[in-house]
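Student: Take this structure first; my questions come after.
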């Protein structure tokens, strides 16, 4: 099917489109660069659809299924994505400024370098979503968000203060990728005050200990042979350098022939008055062939 075929099917409404998706689950529609400005797409099944560079500005995608959809570089400012399923969706480099994500599921969504300026995020699930330093989070508005699909409310009591969520997300985007994801980073364990002072230090992960032990136990005699190998290598290298330095160097000095384009020196300018002086001040010395200019 062509882009126009997909768009014609979308124009037939949500029932026709979703029925066709159910009948053809193996097809992943390519709607990249499609023009769906302010389109009515509520409840549409767009899972696994290629929406890269699509125009969805002002579109209504309420309760739409966009799981694993590719919206890389999409233009969707002001779109209504409330209660939409965006699990595993690629939102990287998309413009979603002022979009409505109220109650949306953004679990494992990729939002690196995404413009989320002034987006509405109240009640959105942000479990393991991925953001970067380039993600624009200015003026995000939310009373609360969920950190997992088990509906763990954050903050646990009350609502966010203005700008608080944006500050938390910005701090999370500055963390190393090897550190904890956002869900675990925001939630602190409920430990009684009396137990905190007596808490034992956290042990290293068992897999890290096992890997270290394996590396240390492998090739038991290798650590003793390394210094000897280094000395031999250094000695051979010095010998090669000395041999190269002792080679005689032949220098051939040749005189380059004069260039054929060398011109003879210019004759001296005569002290006699010019034969003719033009209006622009140019002076002519010599004789004219037939007559004066």
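Student: Which one is farthest from residue 80 (Cα to Cα) among residues in the stretch 12-37 that are part of a helix (DSSP H, G or I) and out of contact with any helix residue (DSSP H, G or I) (no Cβ under 9 Å at 6 or more places or on another chain)?
Tutor: Here the residue is 23.
Student: In addition: Inside the stretch 158-183, can you point out the residues that are at pLDDT 75 or above and surrounded by 17 or more Cβ atoms within 10 Å (Cβ to Cβ)?
Tutor: Step one: filter the stretch 158-183 for residues at pLDDT 75 or above, giving 159-169.
Hits for the stretch 158-183 are 160, 165, 166, 168, 169.
Student: Looking at residue 72, is it outside any loop (DSSP other than H, G, I, E, B) and touching a residue at least 12 places away in the same chain (Cβ under 8 Å)?
Tutor: No: the conditions fail for residue 72.
Student: Still on this structure: Kindly list the number of the only condition in (1) crowded, with 23+ Cβ neighbours inside 10 Å; (2) within 25 Å of the chain's Cα centre (by Cα) that fails for residue 64.
Tutor: So the condition that residue 64 fails would be (2).
Student: Sticking with this one: Does residue 102 satisfy the condition of being surrounded by fewer than 19 Cβ atoms within 10 Å (Cβ to Cβ), touching a strand residue (DSSP E or B) at 6+ places or on another chain (Cβ under 7 Å) and part of a loop (DSSP other than H, G, I, E, B)?
Tutor: No: the conditions fail for residue 102.
Student: Okay, moving on. Look through the stretch 116-138, keep the residues that are in contact with a helix residue (DSSP H, G or I) (Cβ under 7 Å, 6 or more places away or on another chain) and either at pLDDT below 90 or over 17 Å from residue 94 (Cβ atoms) (or both), and return whichever of them is surrounded by the fewest Cβ atoms within 10 Å (Cβ to Cβ).
Tutor: If we take residues in the stretch 116-138 being in contact with a helix residue (DSSP H, G or I) (Cβ under 7 Å, 6 or more places away or on another chain) and either at pLDDT below 90 or over 17 Å from residue 94 (Cβ atoms) (or both), then 128 is surrounded by the fewest Cβ atoms within 10 Å (Cβ to Cβ).
Student: Right, another one. Could you please find all residues in the stretch 8-31 being closer than 19 Å to residue 76 by Cβ and either surrounded by fewer than 17 Cβ atoms within 10 Å (Cβ to Cβ) or modelled with pLDDT under 95 (or both)?
Tutor: 14, 30
The values are calculated or read from the model by the stated rules, or taken from the named source; none is laboratory data. All values reported here derive from a predicted model rather than from experimental measurement. All Cβ positions, glycine included, derive from the backbone under ideal geometry; neighbour counts span all protein chains shown.
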